[in-house]
1. Could you check the stretch 9-101 for strands (runs of 3 or more DSSP E) lying wholly inside it with 3 or more residues that are at pLDDT 90 or above?
2. Cβ-Cβ below 9 Å, separation at least six or inter-chain, first residue in the stretch 1-27 and exposed (fewer than 13 other Cβ atoms within 10 Å of the Cβ), second of a type in the set (Gly, Ala, Ser): which pairs?
3. What do you reckon, is LYS61 among the charged types (D, E, K, R), surrounded by 14 or more Cβ atoms within 10 Å (Cβ to Cβ) and under 17 Å from THR8 (Cβ atoms)?
Amino acid sequence: MGTYEILTIDGKEIHARVCTRWWEQALGYMCFSPLRKEAALLFVLQEERKISLHTFFCRNKLNIFFLDKNKKVMEKHENISSWRMIKPKQPCFFVLETRCY
């Protein structure tokens, strides 16, 4: 079992599975069923950097938040459909993926 963290984003409490391994981050929501209890995935990066993300093979629309070292939202992309590429404008320490409801 993974570890979980509770974050507050835009005034909403989000329970996120913490993903520190490269393969967890690479697979993201491509391999997580929408029926699983993970409401979100929090990617912990090794260092501050720009990380490109894609929604290839994702079955649901996603919200993606790029966070600073204090886990404050620096940039957000909402209702992203499948087969899209996303890259932040500035480096980040964390990335939060959530499903759209």
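The values are calculated or read from the model by the stated rules, or taken from the named source; none is laboratory data. Keep in mind it's a predicted model, so treat the numbers as computed, not measured. Note that each Cβ is placed from the backbone with ideal geometry, even for glycine, and that neighbours are counted across all protein chains shown.
1. Strands (runs of 3 or more DSSP E) meeting the threshold: 40-49, 62-67, 73-80, 92-99.
2. The qualifying pairs are ILE6/ALA16.
3. The answer is no for LYS61.
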